[in-house]
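The values are calculated or read from the model by the stated rules, or taken from the named source; none is laboratory data. Everything numeric here is computed off the predicted structure, so don't read it as measured data. Virtual Cβ from ideal backbone geometry, glycine too; neighbours counted across all protein chains shown. Ligands, DNA and RNA are stripped out before the accessible areas are found, and what is left, the full protein with its side chains, is counted by its heavy atoms. Shrake-Rupley method; radii C 1.70, N 1.55, O 1.52, S 1.80 Å.
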Amino acid sequence: MEGYPFPFTSVYLKILGLSRCFIDDSFVQNLSSCCPVLDDLDLMDCAIHVTMFSSTTLKSLSITSTQTDKDFPVEFQYLVIDMPNLVSLSLEEIPRRIIHLMDVSSVETASIYLFSLYFGHSQVQCSILSALSNATSLTLVSPSVYEDVVPKVLRRDLPRCATFSKLKRLHLGKWFLSGGCYPLIYLLRRSPNIEKLILQLDRSGAYDYARLANAYAEIYPTCKEAAATFGCGKLRKIRIYCHLQRDKRRAAIIMLALSTHISPLPSMKVKPPFQFSKGPGFGDLVNM
């Protein structure tokens with residue numbers, strides 16, 4: 001870490017949490033050699049000045065962003081995470097980084113929040129969903145379907161996805177509405193053991209919907225992925241969190257899409273939204 005004249009060394013340290021620190025290549029390179037039994041790393045509001053983040057010992061990794069532009073210099077466009085023994089992964093708001101999950105084949109729980117500045121443009125290639133096919137719980141939230149960049153990048157990653165044979169819990173933000181709920185139907189069709197589905201619509205999307213004359217057409221064109229019905233035999237709960245007074249039409253569209261393409265349809269409830277907040281709040285969403 002910046003400011004230390006020598007590497008920190010411990011043969012006992014297993015859990016490390018850092019706040020507002022400068023994370024550089026030296027830190028990453030020394031992580032395994034200086035802390036050989038470290039398996040839990042939490043970086044809170046840290047400046048991530050690395051392109052490759054690799055470890056063979058870490059089992060849990062959590063990264064939340066800082067609020068200062070200087071902490072995200074333009075020369076760092078990519079963040080590659082290569083951690084074959086990682087079990088839990090949480091990424092929250094890392095602006096202007098193209099995420100590539102290389103070997104995260106052991107990840108069981110993944111929670112990723114992408115906001116509008118995550119990718120520079122919609123033509124970039126990322127590897128997020130396609131690298132998490134062994135997850136049992138997956139949360140992927142993005143703020144708005146009307147902001148083109150994030151939904152387009154994520155949809156381009158979908159065809160590379162294998163079957164999510166272990167997935168039991170899926171929580172999606174409203175990027176799943178793009179292309180006539182194409183991402184939602186695509187993922188459900190490839191998740192034969194899913195038990196719980198959470199769909200999150202926040203307030204800003206309701207305002208967008210009311211303001212845009214063509215919003216209905218943007219959300220609900222014909223979805224080629226859902227041309228035929230399919231079964232989710234183990235799916236028992238569907239929860240849609242939205243502002244009922246503003247989101248009646250969007251909630252109705254989602255319920256129509258699900259009832260049209262999933263047979264038999266499990267229990268489905270519409271509830272008021274939970275409050276999203278950074279840090280511990282995101283963990284609360286993951287555990288619902």
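Determine, from the Cβ-Cβ distance of Met52 and Arg239 and an R0 of 41 Å, the FRET efficiency 1/(1 + (r/R0)^6), rounded to the nearest 0.05.
Computed FRET efficiency for Met52 and Arg239 comes out at 0.65.
Between Ser32 and Phe230, what length comes free when the chain is fully extended (0.36 nm per residue of separation minus the Cα-Cα distance, one decimal in nm)?
66.7 nm
Quickly work out the Ala162-to-Ser105 label distance, labels modelled 7 Å from Cα along the C-beta direction, and quote it in nm with one decimal.
0.7 nm
In sequence order, what are the phi-derived ³J(HN,Hα) couplings for the stretch 43-51 according to the Karplus relation 6.51 cos²θ - 1.76 cosθ + 1.60 with θ = phi - 60°, rounded to whole Hz, with x for glycine and proline?
10, 10, 6, 9, 7, 9, 9, 9, 9
Quick one: if the Förster radius is 51 Å, what FRET efficiency do Arg20 and Thr260 give, using the C-beta to C-beta distance and rounding to 0.05?
E between Arg20 and Thr260, to the nearest 0.05, is 0.55.
Under the Karplus relation 6.51 cos²θ - 1.76 cosθ + 1.60, θ = phi - 60°, what is the ordered set of whole-Hz ³J(HN,Hα) values for the stretch 248-264, x standing for Gly and Pro?
Once rounded to whole Hz, the list reads 4, 6, 5, 4, 5, 4, 5, 5, 5, 4, 5, 5, 6, 10, 10, 9, x.
Want the number for His121 to Tyr12: 0.36 nm per residue separation, take away the alpha-carbon distance, what's left?
34.9 nm
Hey, can you rank 78-85, 127-134 by average C-beta count inside 10 Å, highest first?
Highest to lowest by the protection proxy: 127-134, 78-85.
Can you put Val270, Val124 in order of accessible area, largest first, using a 1.4 Å probe?
Details: Val270 50, Val124 15 Å².
Ranked from most to least accessible, the order is Val270, Val124.
Once amide H atoms are built 1.01 Å from N in the peptide plane, which residues 5 or more positions from Asp202, or in another chain, come under 5 Å H to H?
Lys174
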